[in-house]
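Accompanying notes for the structure given below.
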Amino acid sequence: MTYDLNRKVVLITGAAGGIGSATARQLYARGASLVLTDMQQSAVDCLAQEFDGARVLPLALDVTDAGATKAVVRKTIEKFGRLDVALANAGISWRGTPGTIMGCDEREFEHIVEVDLFGVWRTIRAALPEVVRNEGQILVTSSVYAFLNGVANAPYAASKAAVEMLTRSLRVELGGTTATASVVYPGWTATAIAKPAFGGNALATRMSEVVLPSPLRRPIQPEQMARAIVKGIESRSPRIIAPGRWASINLLRGVFNAVMDWHLRRHARFQGLLRELEAQQPVRSRVPAHTGATANG
Ligand SMILES: NC(=O)c1ccc[n+]([C@@H]2O[C@H](COP(=O)([O-])OP(=O)(O)OC[C@H]3O[C@@H](n4cnc5c(N)ncnc54)[C@H](O)[C@@H]3O)[C@@H](O)[C@H]2O)c1
């Protein structure tokens, strides 16, 4: 049975971003009312101008604030009387240059986890009672980083793997209800967050060129990702992966993970770029260069 989005109320975090705003537009076209939340009120106000004021509620929300996240759900009920779908989509990565676990700024590492993992948890927790009551859906924007090695992007990748499991756990916990939870796995999508790996940061760009074959690096437009998300909501799909080339890697991830980790540890050019990165980091505790494979490699 198709889940009909007409007259449903959908809350989106990170709604002013590339994937959030493209998804908002397509949900609106299906008849949904929207609660658009993001860091800056001006950004969600600007997006909301595209829609009929009766069907949109733009609110500033920093998902690191649990109280504010619950208040957004209360305001949603005040305006629309219900909440059906929550898309926990807000996300960040490094502000500028990528970092390694040994050399990155500790506060930045923890802030990324605060937003990308705990921000999702807070959104789920605040929205869940209403979503369950309305037989609705929770969607969580994870990433292909849930199964790609997160080298030089560890707080992001660790959070994306964690929110994948959070959502899978929730889906099963909701088994006794008619509500569902789904994981969204965007591949590279042309938005602000992906810019460092596409020319915004020279080192990040070179690293991703070395790690990924070009078909996997080809970014999709946020509208394509949004179409996949809307289709996934309509079919209550447990997994929403786009572009499709990532679906087979997800299927084979047991083998793919082992081969990728093995390969990257031995890849001379990639390891050279990592050393270059370490030399630029705030904490200059460099890993001593090693020669050749180790017994536990
Ligand atoms: N673009 C990609 O290649 C890609 C790939 C995989 C996953 N994703 C994920 O997709 C989601 C959407 O990202 P996007 O591609 O649209 O990037 P984006 O940078 O355009 O959007 C992210 C949005 O999150 C908001 N945000 C950041 N911190 C926040 C906070 N503390 N509270 C509330 N909002 C906050 C930003 O203001 C921004 O509008 C993110 O979770 C991202 O990790 C993106």
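The values are calculated or read from the model by the stated rules, or taken from the named source; none is laboratory data. Bear in mind that the values here come from a model prediction, so they are computed numbers and not experimental data. Cβ: placed from backbone, ideal geometry, glycine included. Neighbour counts: every protein chain shown. Ligands, DNA and RNA are excluded from the accessible area calculation, which covers all protein heavy atoms including side chains. Shrake-Rupley method; radii C 1.70, N 1.55, O 1.52, S 1.80 Å.
Data table
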read-out	value
Solvent-accessible area, 1.4 Å probe, carbon plus sulfur percent, for region 1-151	51 percent
Relative contact order (%) - criterion: Cα under 8 Å, at least six apart; region: the chain	18 percent
The chain, dipole about Cα centre (Lys/Arg Cβ +1, Asp/Glu Cβ -1), debye to the nearest 20	620 debye
Leading residue at positive end of dipole, the chain (Cβ point charges), from 100, 228, 166	228
Lys pairs, the chain - Cα-Cα below 27 angstrom, 8 or more residues apart or on other chains	10
Calculated [θ] (222 nm, deg cm²/dmol) that DSSP helices of n ≥ 4 give over the chain, each run adding -39,500 (n - 2.57)	-14500 deg cm²/dmol
1.4 Å probe accessible area per residue over region 9-280, in Å²	43 Å²
Centroid-to-centroid separation of region 110-124 and region 25-78 [C-alpha atoms, Å]	19 Å
Furthest towards positive pole of dipole, 44, 60, 33, structure part region 1-73, Cβ charges	33
Charge dipole of the chain about the Cα centre (unit charges at C-beta), most positive-ward option of 113, 6, 147	147
Heavy atoms of residue 207 accessible to a 1.4 Å probe, total area in Å² rounded to 10	10 Å²
Cα-based shape type of region 176-266, given that a ≥ b ≥ c are square roots of the gyration tensor eigenvalues and the cut on a/c is 1.5	oblate
Region 9-280 pair-distance distribution - Cα-Cα, 5 Å bins, rounded %	1, 6, 13, 18, 19, 17, 12, 8, 5, 2, 1, 0
Computed lengthening from residue 95 to residue 107, 0.36 nm per intervening residue step minus Cα-Cα distance	3.1 nm
Accessible surface of region 195-245 [probe 1.4 Å, protein heavy atoms]: carbon and sulfur percent	52 percent
